[in-house]
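Below are the structure tokens for one structure; questions will follow.
The values are calculated or read from the model by the stated rules, or taken from the named source; none is laboratory data. In this text the structure is predicted, and so the values were computed from the model without any measurement. Don't worry about glycine lacking a Cβ; one is built from the backbone with ideal geometry, like all the others, and counts go over all protein chains shown.
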Amino acid sequence: MDNWVIAMMLGASIFLGAIALFAFLWAIKNGQFDDEEKFLNAAKFDGEDELNDALNQERKKEELKKRYRPE
Amino acid sequence: MSNNIACTHCHLEFNESVMIKDGEHYFCCNGCQGVFHLLSDEGLDSFYEKAGNVKLTPPTSQYEDSSNFNAEAFYDKFVKINSDGFSEVSLIIEGIHCSACVWLNEKALHKMDGIIEANINFTNNKATIVWADNIVKLSQIIDMIRAIGYNAFPYDASIQEAHANKERKDYYLRMSVAIFASMNIMWIAVAQYAGYFSGMTQDMKTILNIAEGVLATPVLFYSGWIFFRGAYYGLKTKTVNMDILVATGASLTYIYSIYITIIEEGEAYFDSVSMIITFVLIGKFLEVLSKKNAADTLDIIGKNLPNEVKIVKDNSIISCKLGDVIIGDIVVVSSGEKVLLDGEITKGSGSFDESNLTGESEPIYKDLGGTVISGTVSIDADIHLRATKDFGHSTLSNLVQLLETAINKKPKIEQLANKLSEYFSSVVLALSFLTFFVWWLWPHDFEVSFMVGISVIVIACPCALALATPVATLVGLSLGAKRGILFKEAAQLETMAKVDTLVLDKTGTLTVGKPEVIKEHIYADFDRELLYSLVKLSNHPVALGIKEYITKGQENISDTIFDEFKQIPASGISVVHQRLEILGGNLKLMNDNHIEIDFKSDNTLFYFAINKKVFAIYELSDKVKDGAKDLVINLSKRGIETIMLTGDNERVAKKVSAEIGIKNLYYEQTPQDKSEFISTLHNSGKTVVMVGDGVNDILALARADIGIVMGSGSDIAIDVGDVVLLNDSLNSLEDAFKISRTTYGLIKQNLGISLVYNAITIPLAMAGFVIPLVAAISMSVSSLLVVGNSMRINLKWNKN
């Protein structure tokens with residue numbers, strides 16, 4: 001077996017692992033694990049309505065950010 | 001019971017006749033009905049589906065006007081402006097029972113105009129709300145929360161608490177990176193060690209080395225940054241700490257390994273780099289995790305103090321800020337309220353509970369002209385009070401200030417591991433340099449000498465040393481938690497093991513804290529229902545004690561409605577029932593009604609008379625808790641001296657101490673006296689545990705090396721204390737001592753193991769016998785030994 005096969009496999013797997021790690025780090029930073037109870041209950045309240053609400057809220061936030069000029 | 005119906009909103013069950021019928025729904029009150037309709041109108045009624053059958057608190061409509069939340073002073077204190085220019089506030093939301101409640105609150109707030117973000121933490125009911133202040137005001141937000149049946153009040157999200165959370169999160173991040181990288185390096189290392197024995201081409205080796213190097217880099221510079229920082233501060237204060245050892249060891253090994261990778265010769269040690277950092281980081285994280293969150297301590301005191309009082313001005317009663325009350329103002333205090341200002345009674349009379357301040361278990365009756373101290377609670381008195389001090393100089397605020405100083409003055413006993421690691425680090429560093437020079441001067445190549453020198457640091461890996469204390473204390477904490485003993489900080493286990501003096505409060509700690517009937521003398525037969533209905537009219541502790549005694553074992557006692565009843569302050573109750581004159585109260589009440597009694601006892605007495613004839617006498621006393629006597633005997637066997645401190649009077653104190661067998665006894669102690677007493681003990685070189693439960697103990701609790709609080713104690717005391725006994729039992733107090741000593745023993749064993757281990761391996765490394773594989777394995781083995789030893793104790797305790 002050529003060395004470069006090993007090298008490529010190592011590189012690819014470390015790269016994939018790193019993506020998962022960064023996703024996890026992002027989730028921690030984003031506060032998704034701050035509240036263990038809510039985190040576990042979130043599965044119960046997960047549906048189309050909730051996704052739409054979240055999107056609306058996000059839009060509202062963006063719009064307010066554009067308009068808002070604090071005195 | 002059969003025709004009880006659950007309220008559609010709160011799910012509490014009531015008889016059908018008292019419910020409000022509204023279509024097909026039933027409501028227990030207007031509040032629930034209002035919330036239900038609001039939620040239906042807003043399209044939020046899927047809340048009920050989500051909440052299931054969880055019982056909620058019915059909403060009340062009696063809230064103060066919310067407009068004062070918009071006051072400038074209020075905004076100054078609680079509202080922050082975030083980086084986008086939006087306002088942000090931290091609220092505690094009351095009435096959250098289930099995850100659906102969280103959902104409802106967030107949803108309702110999100111629907112409001114101008115709300116950017118509402119995030120509620122279910123675990124601690126704290127909410128962070130961000131809004132645009134020109135669109136919506138804080139008062140409207142709070143009105144909304146109240147409208148859907150909850151209540152909210154702001155709290156000062158103290159910088160410390162936020163800081164502690166941030167630190168924890170920071171460790172999570174660094175640890176995730178370290179563990180991820182280390183696990184991957186291990187796999188690669190397996191290949192390398194296999195190749196070491198079976199032979200491998202140099203090219204392959206280099207590939208593996210590079211892969212390891214890539215993974216080890218973030219571990220050293222990101223996860224390991226904590227150690228570089230620690231080493232820097234250590235150098236600044238000229239102390240050699242463990243961080244220096246870890247930082248130099250890891251970075252030298254890293255540099256050497258890069259060198260090896262480049263020259264394509266020899267063995268790289270990247271696995272050691274990441275393993276040292278990961279292990280020691282885990283040890284540090286365990287320490288951070290079990291650190292007491294001192295931040296909330298002072299916060300809760302402020303929360304318990306209302307910031308407004310009612311004063312009389314121009315013949316009307318108005319609300320006034322606590323700080324604005326000046327000497328001479330007339331303050332209105334209603335029954336059940338806490339007195340916030342010192343003063344003299346100008347109108348009314350009644351009994352006051354001073355146990356907060358003095359520890360006196362019985363209420364004190366005060367009449368016109370009597371002085372009332374701030375911090376006491378009015379039991380049944382509706383009075384007017386002329387303030388004799390402003391709030392800043394009141395007894396209550398003095399107490400808060402004294403508490404702050406007491407918390408700051410708390411002694412810190414240095415931990416064994418910290419002391420040890422300083423010597424350990426210096427010795428290992430010195431040995432490593434010595435080895436390097438000896439090898440170099442005894443002519444060897446620079447590379448070889450350098451590698452041997454480094455191997456000393458690597459093999460003397462501080463992993464086991466770093467894990468020794470945290471793992472042991474974690475075992476101790478979990479042992480305690482299973483027995484209802486809550487240690488707030490891991491380091492306290494070690495401190496507590498060194499304690500030689502135990503100071504106990506009487507009321508609520510050694511005794512149950514409320515009078516119980518210990519003897520009943522019946523002189524003539526009478527209807528128990530009469531007595532029950534009579535004592536039910538009063539909130540006096542004696543009446544409560546009798547009520548409890550009568551209801552014990554009897555479930556259904558019907559209530560008699562009296563024709564007439566009168567409370568006689570500091571005496572008892574007199575009622576008229578079907579032309580019978582019934583009296584219940586103390587000796588004074590009997591004497592005032594010319595009833596002759598010849599009965600003597602040390603205990604508190606309650607007389608029950610019908611038509612001037614005594615039917616029954618009850619003897620009441622504050623009972624000593626089970627196991628109090630054994631506790632004193634067992635602890636003295638362990639060489640711990642027991643002292644009782646009480647605010648109560650001499651007679652009661654002596655009676656209790658005689659019963660328990662405590663010889664050292666101090667009575668009529670004010671909170672300041674208690675705290676002074678602890679200081680005196682400190683000065684004579686004692687390490688002191690203080691056990692208490694009330695506000696009158698908090699100064700002493702804060703000052704003592706360890707403050708232990710009963711779980712039923714006041715909120716402030718629980719917050720100030722270091723250890724909480726959740727089941728109030730004195731047996732768990734003894735357990736707490738046992739656990740702390742076991743843990744301390746464990747710490748010593750673990751430190752011993754890691755030192756002995758190093759004593760064997762360091763000379764081997766200095767002689768140059770250590771190959772990378774041995775170094776890596778020995779690191780894991782020493783850590784496993786320490787963890788295994790701790791688990792052994794855990795198993796042994798759990799068997800008992």
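For the stretch A:14-32, indicate whether the set of residues that are among the basic types (Lys, Arg) and in contact with a Phe, Trp or Tyr (Cβ under 7 Å, 6 or more places away or on another chain) is non-empty. Show your work before the answer.
Restricting attention to the stretch A:14-32, the residues satisfying the condition of being among the basic types (Lys, Arg) are A:29.
Among the residues that remain, those that are also in contact with a Phe, Trp or Tyr (Cβ under 7 Å, 6 or more places away or on another chain) are: none.
No, the stretch A:14-32 has no match at all.
Can you say whether B:Asn125 is more than 8 Å from chain A (Cβ to nearest Cβ), within 25 Å of B:Ser46 (Cβ to Cβ) and surrounded by 21 or more Cβ atoms within 10 Å (Cβ to Cβ), as far as the supplied structure shows?
Working: more than 8 Å from chain A (Cβ to nearest Cβ): yes; within 25 Å of B:Ser46 (Cβ to Cβ): yes; surrounded by 21 or more Cβ atoms within 10 Å (Cβ to Cβ): no.
So B:Asn125 fails the test.
Can you tell which of B:Gly508, B:Gly476 is touching a Phe, Trp or Tyr at 6+ places or on another chain (Cβ under 8 Å) and either at pLDDT below 80 or buried (at least 24 other Cβ atoms within 10 Å of the Cβ) (or both)?
Sole residue among the options that is touching a Phe, Trp or Tyr at 6+ places or on another chain (Cβ under 8 Å) and either at pLDDT below 80 or buried (at least 24 other Cβ atoms within 10 Å of the Cβ) (or both): B:Gly476.
Give B:Asp342, B:Asp329 a once-over and let me know the one that is modelled with pLDDT of 80 or more, surrounded by 12 or more Cβ atoms within 10 Å (Cβ to Cβ) and in contact with a helix residue (DSSP H, G or I) (Cβ under 8 Å, 6 or more places away or on another chain).
On the way: B:Asp329 fails: in contact with a helix residue (DSSP H, G or I) (Cβ under 8 Å, 6 or more places away or on another chain).
B:Asp342 is the lone residue from the list that is modelled with pLDDT of 80 or more, surrounded by 12 or more Cβ atoms within 10 Å (Cβ to Cβ) and in contact with a helix residue (DSSP H, G or I) (Cβ under 8 Å, 6 or more places away or on another chain).
Got at least one residue in the stretch B:91-103 being touching a residue at least 40 places away in the same chain (Cβ under 8 Å), more than 10 Å from chain A (Cβ to nearest Cβ), part of a loop (DSSP other than H, G, I, E, B) and surrounded by 18 or more Cβ atoms within 10 Å (Cβ to Cβ)?
Applying the first criterion (touching a residue at least 40 places away in the same chain (Cβ under 8 Å)) to the stretch B:91-103 yields B:91-101, B:103.
Next cut, more than 10 Å from chain A (Cβ to nearest Cβ) only: B:91-97, B:101.
Right, trim to part of a loop (DSSP other than H, G, I, E, B) and you get B:95-97.
Imposing the further condition that a residue be surrounded by 18 or more Cβ atoms within 10 Å (Cβ to Cβ) reduces the set to B:95-96.
Yes, some residue in the stretch B:91-103 is touching a residue at least 40 places away in the same chain (Cβ under 8 Å), more than 10 Å from chain A (Cβ to nearest Cβ), part of a loop (DSSP other than H, G, I, E, B) and surrounded by 18 or more Cβ atoms within 10 Å (Cβ to Cβ).
Mind checking which residues of the stretch A:1-58 are of a type in the set (A, V, I, L, M, F, W, C) and facing chain B (nearest Cβ under 7 Å)? Walk me through how you get there before you give the answer.
If we filter the stretch A:1-58 for residues that are of a type in the set (A, V, I, L, M, F, W, C), which is where we start, we get A:1, A:4-10, A:12, A:14-16, A:18-28, A:33, A:39-40, A:42-43, A:45, A:51, A:54-55.
Within the stretch A:1-58, A:Ile6, A:Ala7, A:Leu10, A:Ile14, A:Leu21, A:Phe24, A:Leu25, A:Ile28, A:Phe45 meet the criteria.
A further question follows. Can B:Phe599 be described as at pLDDT below 80 and surrounded by 14 or more Cβ atoms within 10 Å (Cβ to Cβ)?
Details: at pLDDT below 80: yes; surrounded by 14 or more Cβ atoms within 10 Å (Cβ to Cβ): no.
It is false that B:Phe599 is at pLDDT below 80 and surrounded by 14 or more Cβ atoms within 10 Å (Cβ to Cβ).
Under 6 Å between Cβ atoms, which residue pairs at least 6 apart in sequence (or on different chains) link something in the stretch B:733-752 that is closer than 16 Å to B:Asn794 by Cα and touching a residue at least 40 places away in the same chain (Cβ under 8 Å) with a partner that is crowded, with 19+ Cβ neighbours inside 10 Å and among the acidic types (Asp, Glu)?
B:Tyr744/B:Glu494
Could you identify the single residue in B:Ile159, B:Ile135 that is among the aliphatic types (A, V, I, L, M), at pLDDT below 80 and either touching a Leu at 6+ places or on another chain (Cβ under 7 Å) or surrounded by fewer than 18 Cβ atoms within 10 Å (Cβ to Cβ) (or both)? Break it down stepwise before answering.
Values: B:Ile135 fails: at pLDDT below 80.
The match here is B:Ile159.
Please find, within the stretch B:578-594, the residue that is surrounded by the fewest Cβ atoms within 10 Å (Cβ to Cβ) out of those that are out of contact with any strand residue (DSSP E or B) (no Cβ under 8 Å at 6 or more places or on another chain) and within 20 Å of B:Asp527 (Cα to Cα).
B:Arg579
Something else now. Could you please give the count of residues in the stretch B:602-618 that are free of Cβ contacts under 8 Å to residues at least 60 places away in the same chain, under 22 Å from B:Gly545 (Cβ atoms) and in a loop (DSSP other than H, G, I, E, B)? Steps first, please.
To start, the set of residues in the stretch B:602-618 that are free of Cβ contacts under 8 Å to residues at least 60 places away in the same chain comprises B:602, B:605, B:607, B:609, B:611-612.
Checking the rest, the ones that are also under 22 Å from B:Gly545 (Cβ atoms) come to B:602, B:605, B:607, B:609.
Within this subset, residues satisfying the condition of being in a loop (DSSP other than H, G, I, E, B) are B:602.
Of the residues in that region, 1 qualify.
Would you confirm whether any residue within the stretch B:187-201 is surrounded by 15 or more Cβ atoms within 10 Å (Cβ to Cβ), facing chain A (nearest Cβ under 10 Å) and of a type in the set (S, T, N, Q)?
no
Quick grid of which residues meet (1) in the same structural domain as B:Ser349 (by TED's automatic domain parsing); (2) within 22 Å of B:Ser601 (Cβ to Cβ); (3) modelled with pLDDT under 80; (4) in a helix (DSSP H, G or I):
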{"position": "B:His521", "(1), (2), (3), (4)": "no, yes, no, no"}
{"position": "B:Asp525", "(1), (2), (3), (4)": "no, no, no, no"}
{"position": "B:Leu537", "(1), (2), (3), (4)": "no, no, yes, no"}
{"position": "B:Gln554", "(1), (2), (3), (4)": "no, no, yes, no"}
{"position": "B:Ile561", "(1), (2), (3), (4)": "no, no, yes, no"}
{"position": "B:Gln567", "(1), (2), (3), (4)": "no, no, yes, no"}
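Could you go through the stretch B:649-662 and let me know if any residue there is within 29 Å of the chain's Cα centre (by Cα) and not charged (D, E, K, R).
If we filter the stretch B:649-662 for residues that are within 29 Å of the chain's Cα centre (by Cα), which is where we start, we get none.
No, the stretch B:649-662 contains no residue that is within 29 Å of the chain's Cα centre (by Cα) and not charged (D, E, K, R).
Would you confirm, using the coordinates I've provided, whether B:Leu645 is crowded, with 18+ Cβ neighbours inside 10 Å, touching a strand residue (DSSP E or B) at 6+ places or on another chain (Cβ under 7 Å) and assigned by TED's automatic domain parsing to the domain that holds B:Val688?
Yes: the conditions hold for B:Leu645.
Kindly list, by first and then second residue, each pair from a residue in the stretch B:104-130 that is under 24 Å from B:Glu49 (Cα atoms) and outside any loop (DSSP other than H, G, I, E, B) to a residue that is aromatic (Phe, Trp, Tyr) and at pLDDT below 80, limited to pairs with Cβ atoms under 7 Å and residues at least 6 apart or on different chains.
Correct list of pairs: B:Leu104/B:Phe47.
Then there is this: Among the residues of the stretch A:60-68, is any more than 7 Å from chain B (Cβ to nearest Cβ), under 25 Å from B:Asp45 (Cα atoms), of a type in the set (Lys, Arg) and surrounded by 10 or more Cβ atoms within 10 Å (Cβ to Cβ)?
Going residue by residue through the stretch A:60-68, those that are more than 7 Å from chain B (Cβ to nearest Cβ) are A:60, A:62-63, A:66-67.
Narrowing the set further to residues that are under 25 Å from B:Asp45 (Cα atoms) leaves A:60.
Checking the rest, the ones that are also of a type in the set (Lys, Arg) come to A:60.
Those left that are additionally surrounded by 10 or more Cβ atoms within 10 Å (Cβ to Cβ): A:60.
The answer is yes; a qualifying residue exists.
A further question follows. Would you say A:Lys44 is basic (Lys, Arg) and part of a helix (DSSP H, G or I)? It would help to see each step written out before you state the result.
Values: basic (Lys, Arg): yes; part of a helix (DSSP H, G or I): no.
Against the criterion (basic (Lys, Arg) and part of a helix (DSSP H, G or I)), A:Lys44 does not qualify.
Given the options B:Leu733, B:Leu746, B:Leu784, B:Leu764, name the one that is within 27 Å of B:Ala417 (Cα to Cα) and exposed (fewer than 15 other Cβ atoms within 10 Å of the Cβ).
Details: B:Leu733 fails: exposed (fewer than 15 other Cβ atoms within 10 Å of the Cβ); B:Leu746 fails: exposed (fewer than 15 other Cβ atoms within 10 Å of the Cβ); B:Leu764 fails: exposed (fewer than 15 other Cβ atoms within 10 Å of the Cβ).
After applying the criteria, what remains is B:Leu784.
Each row is one residue, and each column tells you yes or no for (1) modelled with pLDDT of 80 or more; (2) in a helix (DSSP H, G or I).
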residue	(1), (2)
B:Ser251	yes, yes
B:Thr261	yes, yes
B:Glu265	no, no
B:Ser272	yes, yes
B:Ile276	yes, yes
B:Val280	yes, yes
B:Val288	no, yes
B:Lys292	no, no
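Another question about this same structure. Quick check on my filter: what residues within the stretch A:13-38 are surrounded by 15 or more Cβ atoms within 10 Å (Cβ to Cβ) and in a helix (DSSP H, G or I)?
A:Ile14, A:Gly17, A:Ala18, A:Leu21, A:Phe24, A:Leu25, A:Ile28, A:Lys38 - these are the residues of the stretch A:13-38 that are surrounded by 15 or more Cβ atoms within 10 Å (Cβ to Cβ) and in a helix (DSSP H, G or I).
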